[in-house]
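A short write-up of the structure that comes next.
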Amino acid sequence: MTNGVRGAWPLAFGVLVGDIPWHFTAILRLSWITSMFGEYLFYLKWLSALIFFILNIDLLRHADTPLSENKALSAAGVLPLFLAGLTAILTYPKTILFYMGILPGFFDLRSLTLIDIGVILKISAVIPMGGNIALAVLVEPARGLLHSAASVCKINIASRLLLIFVGDLIPLT
């Protein structure tokens, strides 16, 4: 928000570059796990639904917490912003646990080919990058809303409803 779109793209690109190893590691690790313990895929699917509900509970607990500015992510310059995005995602160990919990809900990991893995990695890079850039474009007019506890609460409730929806869909697919 501090640097606008000009500052958001290097940060988003750093997150993209840092996210790819997490996705790849999660896919490889889960492929091995599913080849050894394929009968437990049913439980992994329910685990992915549970993760969405846990995220939902966390949003509920902090629904009215106002957002605070992170000075490390608002440094000027392309390289500092890229490195901030890269560092933020690579040093967040819950990322791989998230992907290991979510991926089995969307893909049959026992039958993935190298092409499938490449497509998953590309999709998992393009969608968040596009989402981060779109967010940067759309967030400037909404900047004032994020300083209001009532607005943050409404945004968190909407996020909660989306998490409930996705969490409900996973076991049904």
### Query
Rounded if a/c is under 1.5, else prolate if a/b beats b/c, else oblate: with a ≥ b ≥ c from the C-alpha gyration tensor eigenvalues square-rooted, which is region 85-131?
oblate
## Note on the structure
Contour minus Cα-Cα span, L114 to L162, at 0.36 nm per residue, comes to 14.1 nm
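Can you tell me the order of 111-121, 46-56 when each peptide is scored by its average per-residue count of other Cβ atoms within 10 angstrom, highest first?
Going from most to least packed, we get 46-56, 111-121.
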### Query
Say R0 is 45 Å: what FRET efficiency, to the nearest 0.05, do K154 and V126 get from their beta-carbon distance?
0.95
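Per the Kirkwood definition applied to all pairs of different Cα atoms, how many angstroms is the hydrodynamic radius of region 96-173?
15.3
Every number here is computed from the coordinates shown, using simple stated rules; none is lab data. Note that the coordinates shown come from a computational prediction; the quantities given were computed from them, not determined experimentally. All Cβ positions, glycine included, derive from the backbone under ideal geometry; neighbour counts span all protein chains shown.
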